[in-house]
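Below is one structure, written out as structure tokens, with a few remarks after it.
We did not get these values from a lab; they are worked out from the coordinates using the rules stated. Bear in mind the structure is a predicted one, so any value in this text is a computation, not a measurement. All Cβ positions, glycine included, derive from the backbone under ideal geometry; neighbour counts span all protein chains shown.
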Amino acid sequence: MHVTFHGATREVTGSFHTLTTESDTILLDCGLFQGRRKETEEKNRVLPVDPQTITNIVLSHAHIDHSGRLPMVTNKGFKGNIFCTRATADACGYLLRDSAKIQEGDASYLNYKTARNFLAKLKTGSAEVKLSKDEMHEIGALLKEGKHLLNTQAIEKLLTEQRLEVIRPLYSLEEAEASLAYFAGIPYNDETVVGRDLSCTLYDAGHILGSAMVVIRALNGTRPKNVMFTGDIGRFGKPIIQDPTLDFAEKDRDIDLLIMESTYGARLHDPVEDMKPMLRRVLQETFDRGGSVLIPAFAYGRTQELIYYLHELYMADEVPQVPVYIDSPLATNITNVFGEHPETYDQETHATFLQNGVNPFSFKHLHFVQSVEESMALNRDQRPHIVLSGSGMCEGGRILHHLRHKIHDERNTVLIVGYMGQNTLGRRIQEMGQEYEESGRKGPAPVLNFYNKEYPLNARVQAIGGFSAHGDKNELIRVLKDSNLRVKKIALVHGEEEQSLAFAETLRGLGYAVTVPCHGQSITV
Ligand SMILES: [Zn+2]
């Protein structure tokens, strides 16, 4: 049996590994590479294996860097099942559609830019083709259907006629929807046949709702062999979801190869216990100033955790009960998925909410904003309130107009609860805001640039670090040391090179045999 690493090697995104026996090829995750378009475009466009040769896919969880290329596989001759938990399958229904819409939007914007540049060249006379003024005006009017709506078909027609490059999305909304028919939801801790002599069992990974660690068991040969893939490993003691599994079935305890994530292999997080008190303090201070709190939040996991903590704080009457707005259609849909899967909740959630007949994701002051008009109307509300909106890194979506209306006011707070990638607006807000705070708010406020305008960052910027969905170094080690697994060899994936290599050293110090595979490398089990 061979395991080959095709993605998330010495980097975080693009999780994609194959497990090959004489008769079968099993794909573990089918994720999208994320980051700057230039760097990821080519890596995403070419699939490293022919989808027709894949027997089945086992998906660890729904995050796009693990699931985002599934429609490309199902669209090119794959005939098997995508095995994952039911919660993951339900969440993928929303996330893959959302991903397709983003791909389509990006492609049509890039095509629009090519068309617009072509027209500009015509105007300055630097293009090889010459058109009359009327013809140019006609083409210009063709590019847009309204103020914000691009005429995709007309743009593509123009580019094709002029033999200019037309960018296609990785997959369409239709293809994303077609991929959903391949999902087969299975429960945790149940053995399922996935190949001729291969079975898989999913164990809770505690990372996000429905996330799983996968044990693949190969039954041919003199003794069964086990390959375990952790997917992403969560933190211990977080609300709503269970902790990462430590107790594995006897048959799954001897692991010949462990493919393990290492996102925070060299870092430590703030303690989980500090999160609620920190949140309470930020809210109280902001409301004392008469301000509102704006929270850029990822739709899957982070939003629901915040709803959970706010619900607890409101129930205990620990903060002023101002309205809370969830302003993200995707987050609203994902919150419904959470509501539909109480079987995955931890003990505490059952004791605090379900046993008292209370839905953790619904309370009097919580409002799910639907239309763009409702979202805009929030900007006129001068009373203190809380808004959770996306995108999580402030790179697009409704969060931008909330920022535009809130960051000039020093009474307000922008609360950062997630990782802000380099070169994102979220990162700039975090860095500039904290620098200004550390200077004692001396001099004029730092200025942010977005929507082609400048905005002074007068609002307070606060960050709470413990919200991460990934276990830190000690939590990753805990899964190895405190579980009943007996691990022969570890391959570290899903971490920036520096994190993976440092974690490998730590594990070697603890007596484990560890490798950090490179892209395309294989290991024989
Ligand atoms: Zn993840």
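Figures for the structure shown
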quantity	calculated
log₁₀ of I(q)/I(0) at q = 0.14, 0.16 Å⁻¹ - the stretch 274-383, Debye sum with one point per alpha carbon	-0.60, -0.79
Kirkwood Rh, angstrom, the stretch 65-122 [1 / mean 1/r, Cα pairs]	13.8 Å
Span from the the stretch 190-219 Cα centroid across to the the stretch 23-43 one, whole angstrom	21 Å
Within the stretch 143-234, GluC sites (Glu not before Pro) in DSSP loop having at most 11 other beta-carbon neighbours inside 10 Å	Glu165
Globularity ratio of the stretch 272-467, using Cα Rg and 2.2 N^0.38 Å	1.01
Convex hull volume of the chain per residue (C-alpha atoms, cubic angstrom)	167 Å³
Net charge over other residues, Cβ less than 14 angstrom from the Cβ of Gly339 (K, R count +1; D, E count -1)	-2
Translational diffusion coefficient (Stokes-Einstein; Kirkwood radius from C-alpha pairs) of the stretch 90-182 at 10 °C, 1.306 mPa s, in µm²/s	108 µm²/s
Sparse-neighbour loop sites [trypsin sites (Lys or Arg not before Pro); the stretch 437-504; at most 16 other C-beta within 10 Å; DSSP]	Arg441, Lys442, Lys488, Lys489
DSSP-loop trypsin sites (Lys or Arg not before Pro) across the stretch 154-243, with at most 10 other Cβ within 10 angstrom	Arg163
Magnitude of the charge dipole, the stretch 402-497, Cβ model with Lys/Arg +1 and Asp/Glu -1, debye to 20	320 debye
For Val461, distant residues with modelled amide H under 5 Å away	Val414
